[in-house]
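The values are calculated or read from the model by the stated rules, or taken from the named source; none is laboratory data. Quick caveat: nothing in here was measured; it's all calculated off a predicted structure. In this analysis, Cβ positions are derived from the backbone assuming ideal geometry, glycine residues included, and neighbour counts consider all displayed protein chains.
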Amino acid sequence: MRNVTIIGSGPAGYTAAIYTARANLKPVLIEGSQPGGQLTITTEVENFPGFPNGLDGPQLMENMKKQAARFSTEFMQNNVTSVDLSKRPFSIVLDNKNTIQTKTLIIATGATARLLGIESETKLMGYGVSACATCDGFFYRDLDVMVMGGGDTAVEEAIFLTRFAKTVTIIHRRDALRASKIMQEKAFKNEKIKFQWNSVIEEILDVGRQKVTGVKLKNTKTGEITTHPCDGVFIAIGHSPNTAIFKGQLELNETGYIITKPGTSKTNVEGVFAAGDVQDPIYRQAVTAAGTGCMAAIDAERFLEDNP
């Protein structure tokens, strides 16, 4: 029987592990198929407090893991295939068929950026291709960048990037944006923002260097392929929270994010807590994920005091 089980190994999961381990709750953390989460595909992190010179995303995650291990967190390199949250202790079934019984559960499974799924995107992720303007926009000062997408996320990212970039081109597969009217108006009024209508990215170019130099675009109406130079590509076609195994058991919003009670990490099931991007469709930052990981740990500790 476990006191605390944590599913997910990004900033939220590792922070929850650090706090619960220091509270002598002997947590077990299930790392999943991508230990470290989305930060493992980020080459440099400059906005996480305490590192004035920045550091690689994978190194930040490794540091957090070592800190959690220092206080005797147990790590499992497994995926969770199903959970039963209908009664305490909760049951968690792993991909090796083993089942964990736990008094409390902290969910930190994150959200996955929707990507184009092309080979060049994977190859250049972190080398000119990004799924987070807030994380990486600073690196494109006075450069030309492109944003793929047409919804609020894409327009918000494009507007943010104008603080740094020389030009920002929004690429959209249709001839009109899907973003809200107020966001569209902001984009159309911004002199730095251009538009490439009826287009999708066919290939991201690096011309023999591991650095983005341009894109090949395909016209969705004519099929014509054209090449456009640029220094960076931001994919902004949305995120999908990793909540499939919790559907029907936890309260989710219309896009699948776990709903937590305001000011807490508490879900609608007592003893189950959520932290990080899995419950945060707005900020999606490493530091906010770590903060909610701390909240979940403290909430779980207090819950166990009242419900041993």
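With respect to the conditions (1) surrounded by fewer than 16 Cβ atoms within 10 Å (Cβ to Cβ); (2) in contact with an Asp or Glu (Cβ under 6 Å, 6 or more places away or on another chain), ALA111 lacks only one, and its number is (1). Applying the set (1) surrounded by fewer than 19 Cβ atoms within 10 Å (Cβ to Cβ); (2) under 30 Å from PHE160 (Cα atoms); (3) outside the structural domain of GLU31 (by TED's automatic domain parsing) to ASP231 leaves exactly one unmet item: (1). Based on what the data block shows, is ASP144 surrounded by fewer than 21 Cβ atoms within 10 Å (Cβ to Cβ) and acidic (Asp, Glu)? Considered against the rule, which asks whether it is surrounded by fewer than 21 Cβ atoms within 10 Å (Cβ to Cβ) and acidic (Asp, Glu), ASP144 comes out as yes.
Quick one: would you say ALA69 is crowded, with 17+ Cβ neighbours inside 10 Å, in a helix (DSSP H, G or I) and not charged (D, E, K, R)? For ALA69, the condition - crowded, with 17+ Cβ neighbours inside 10 Å, in a helix (DSSP H, G or I) and not charged (D, E, K, R) - is not met. Applying the criterion of being assigned to a loop (DSSP other than H, G, I, E, B) and touching a helix residue (DSSP H, G or I) at 6+ places or on another chain (Cβ under 9 Å) to the residues of the stretch 205-239, the residue that is farthest from VAL145 (Cα to Cα) is GLY238. Taking the criterion of being in a loop (DSSP other than H, G, I, E, B) and over 18 Å from the mean Cα position of the chain (by Cα), the residues of the stretch 22-48 that qualify are ALA23, ASN24, LEU25, LYS26, PRO27. Filtered by the rule that a residue be at positive phi and part of a loop (DSSP other than H, G, I, E, B), the stretch 250-308 gives GLY256, GLY263, GLY271, ARG284.
If you go through the stretch 195-204 and pick out every residue that is in contact with a His (Cβ under 8 Å, 6 or more places away or on another chain) and part of a strand (DSSP E or B), you end up with 3.
The single residue among PHE164, PHE195, PHE234 that is over 30 Å from THR288 (Cα atoms), of a type in the set (A, V, I, L, M, F, W, C) and at pLDDT 95 or above turns out to be PHE195. Considering (1) crowded, with 19+ Cβ neighbours inside 10 Å; (2) touching a residue at least 24 places away in the same chain (Cβ under 8 Å); (3) β-branched (Val, Ile, Thr), the lone condition that THR260 does not fulfil carries the number (2).
Of the listed requirements (1) within 23 Å of ASP299 (Cα to Cα); (2) under 15 Å from the mean Cα position of the chain (by Cα); (3) surrounded by fewer than 19 Cβ atoms within 10 Å (Cβ to Cβ), GLY13 misses just one: (3).
Of all the numbered requirements in (1) more than 30 Å from ILE107 (Cα to Cα); (2) over 18 Å from the mean Cα position of the chain (by Cα); (3) crowded, with 17+ Cβ neighbours inside 10 Å, LEU250 misses one, and that requirement is (1). Exactly one residue among ALA289, ALA274, ALA244, ALA236 is of a type in the set (A, V, I, L, M, F, W, C) and farther than 27 Å from ASP84 by Cβ, and that residue is ALA236. Give the residue that is nearest to ILE118 (Cα to Cα), with candidates limited to residues of the stretch 181-205 that are touching a residue at least 24 places away in the same chain (Cβ under 8 Å) and basic (Lys, Arg). Restricting to residues being touching a residue at least 24 places away in the same chain (Cβ under 8 Å) and basic (Lys, Arg), the top hit is LYS194.
Considering only the stretch 164-191, state which residues are surrounded by 13 or more Cβ atoms within 10 Å (Cβ to Cβ) and under 22 Å from ASP231 (Cβ atoms). Answer for the stretch 164-191, where residues must be surrounded by 13 or more Cβ atoms within 10 Å (Cβ to Cβ) and under 22 Å from ASP231 (Cβ atoms): PHE164, ALA165, LYS166, THR167, VAL168, THR169, ILE170, ILE171, HIS172, ALA187, ASN190.
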